[in-house]
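Below: the structure, in structure tokens.
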Amino acid sequence: MKQYIVAVLVRNQSGVLNRVTSMFRRRQFNIDMLTVCETESPDYSRITVRFHGDPRTKQQLIDQLYKLPIVCSIQELKPDSAVCRELLLLKVANEPNTRSDILAAVEAYEGKSVDYTRDSIVIQLTGDTGRINAFINLMRDYNILEICRTGVVALERGSGTIRQEANS
């Protein structure tokens, strides 16, 4: 199964997220990541979804989404033509015997310690999904207390925008 990232520009109304995600459920796509935010205009929201599926079913899903009156535009974002990022917050135990190794890893990954107590360190890291996963795997050698990560956010490279394609 192939991985897809799709941005959906929708009217900023109550119940929109449910209507869009229901379309994925009906097509039996499992959503891997989901982010939703208001856009540069308060009239619109952007829903970015990462999921796996086959090309034919993905196209059927997009065609069905376009039939929803709240959908203005849909854009498939491919990693080679888009900037894709996630945010990771990871809390790890602050133990004297591992502290320097953890902080060295944070520095190597160009992360940032955003909270430091006697008992824990909260690390902030941004990057593509592979980089985030690699850092988490590295930290598994230590005592991870909590992990919180956003879904993928993505924008097409260059001057093109999702609003240029909008049916609004």
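The values are calculated or read from the model by the stated rules, or taken from the named source; none is laboratory data. This structure is a prediction, so every number in the text was calculated from the model and none was measured. Ideal geometry is used to build each Cβ from the backbone, glycine not excepted, and the neighbour counts take in all protein chains shown.
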Filter region 26-57 for residues that are basic (Lys, Arg) and outside any helix (DSSP H, G or I); the one that is surrounded by the most Cβ atoms within 10 Å (Cβ to Cβ) is 46
Are any of the residues in region 123-130 hydrophobic (A, V, I, L, M, F, W, C) and in contact with a Ser or Thr (Cβ under 9 Å, 6 or more places away or on another chain)? yes
Under 7 Å between Cβ atoms, at least 6 apart or on separate chains: pull out the pairs that start in region 93-121 with a residue that is closer than 17 Å to residue 141 by Cα and end on any residue that is at pLDDT below 95. none
Hits in region 125-140 (condition: in contact (Cβ under 8 Å) with a residue 24 or more places away in the chain and over 20 Å from the mean Cα position of the chain (by Cα)): 138, 139
Strands (runs of 3 or more DSSP E) contained in region 58-168 and holding at least 1 residues over 19 Å from residue 47 (Cβ atoms): 82-93, 112-116, 120-127, 144-149
